[in-house]
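Undergrad: Here's a structure for you.
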Amino acid sequence: MNVLETKLKGCFVIEPKIFEDKRGYFFESFNLKQFQKLTKSNTVFIQDNESYSTKGVLRGLHYQTGKYAQAKLVRVVKGKVLDVAVDLRRNSKTYGEHFSIELSEENKKQLFVPRGFAHGFIVLSDTAIFSYKCDNYYNKDSEEGVIYNDVDLNIDWKLPENELIVSEKDIILPTLNNAVLP
């Protein structure tokens, strides 16, 4: 496994070692001991989630606050997405900056999004199955978000605005300047 820290401190791209032969492939998608050693994190994941979406579906930018804040380890099982993490830690040198990466069934890369970050993704393939591990349980009352098209964030979602499929809940999220931060 190869672990690379992004420009956002504590946010890592994880590239598994893939073994391929005429039968197909094999890779270890998660190893707690290796994950903690290579990220220098004591994060322990307690919940796995999965979503299915079609091309243009944009989910985000989401996070939880207070004692229900979550770190996430995300990957694509099928298809391709543009995955985005936004640093919401006010004391961080990269506060308000984002990192984006294409995650796909082909590259099998993962992104570790620590607590204190907003997270979102958009489906670039016809369909996608997106999987993520969380280090805390979901709590509806702690759910917050930032609007995906905040001009200050200036995120390039790779698809034209008229092709985006965004939930009613996500369309009314506040800008970063007006958000309740973790």
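Each value in this text was obtained by applying a stated rule to the coordinates, not by laboratory testing. Treat the numbers as computed from the prediction; the structure is a model and nothing was measured. FYI the Cβ positions are ideal-geometry reconstructions off the backbone, even for glycines, and counts take in every protein chain you see.
Undergrad: Scan the stretch 37-119 for trypsin sites (Lys or Arg not before Pro) in coil per DSSP, keeping those whose Cβ has at most 10 other Cβ atoms within 10 Å, and list them by number.
TA: Passing sites in the stretch 37-119 are Lys40, Arg90, Lys93.
Undergrad: Here's another thing I want to ask about it. What are the residues whose amide H is under 5 Å from the amide H of Leu61, where those residues sit 5 or more places off or on another chain and H is modelled from the backbone?
TA: Amide H to amide H, under 5 Å and 5 or more residues apart or across chains, Leu61 pairs with Val146, Tyr148.
Undergrad: Of Val76, Val3, how do they rank once you tally other Cβ atoms within 10 Å and put the fewest first?
TA: Val3, Val76
Undergrad: Arrange the peptides 125-138, 153-166 so that the one whose residues have, on average, the most other Cβ atoms within 10 Å appears first.
TA: Going by the mean number of other Cβ atoms within 10 Å, highest first, we get 125-138, 153-166.
Undergrad: Once amide H atoms are placed 1.01 Å from N in the peptide plane, what residues at a sequence separation of 5 or more from Glu97, or on another chain, have their amide H within under 5 Å of its amide H?
TA: The answer is Asp87.
Undergrad: Can you list the HN-Hα couplings for the stretch 84-91, worked out from phi with the Karplus curve (6.51, -1.76, 1.60; θ = phi - 60°), rounded to whole Hz and with x for Gly and Pro?
TA: Karplus values, whole Hz, x for Gly and Pro: 10, 10, 10, 6, 10, 7, 4, 8.
Undergrad: While we're looking at this one, here's another question. Length gain on complete extension for the stretch Leu159 to Val77, per 0.36 nm per residue less the alpha carbon to alpha carbon distance?
TA: Gain on stretching Leu159 to Val77: 27.4 nm.
Undergrad: Right, here's the next one. Across the stretch 93-100, in residue order, what do the Karplus-derived ³J(HN,Hα) couplings come to in whole Hz, using 6.51 cos²θ - 1.76 cosθ + 1.60 with θ = phi - 60° and x for Gly and Pro?
TA: Coupling constants for the stretch 93-100: 5, 10, 3, x, 8, 10, 10, 10 Hz.
Undergrad: If you average the sequence gap of Cα pairs under 8 Å that are 6 or more apart and divide by the length of the chain, what percent do you get for the contact order?
TA: Numbers: 409 pairs, mean separation 52.6, N = 182.
29 percent.
Undergrad: Of Pro174, Ile101, Ser53, whose Cα points farthest to the positive end of the dipole of the stretch 45-178 (charges on the beta-carbon: +1 Lys, Arg; -1 Asp, Glu; origin at the Cα centre)?
TA: Ile101
Undergrad: Okay, next question. Based solely on its DSSP helices, what 222 nm [θ] is calculated for the chain when runs of n ≥ 4 H residues each add -39,500 (n - 2.57) and the sum is averaged over all residues, nearest 500 deg cm²/dmol?
TA: Taking each H run of at least 4 residues, the total per residue is -1500 deg cm²/dmol.
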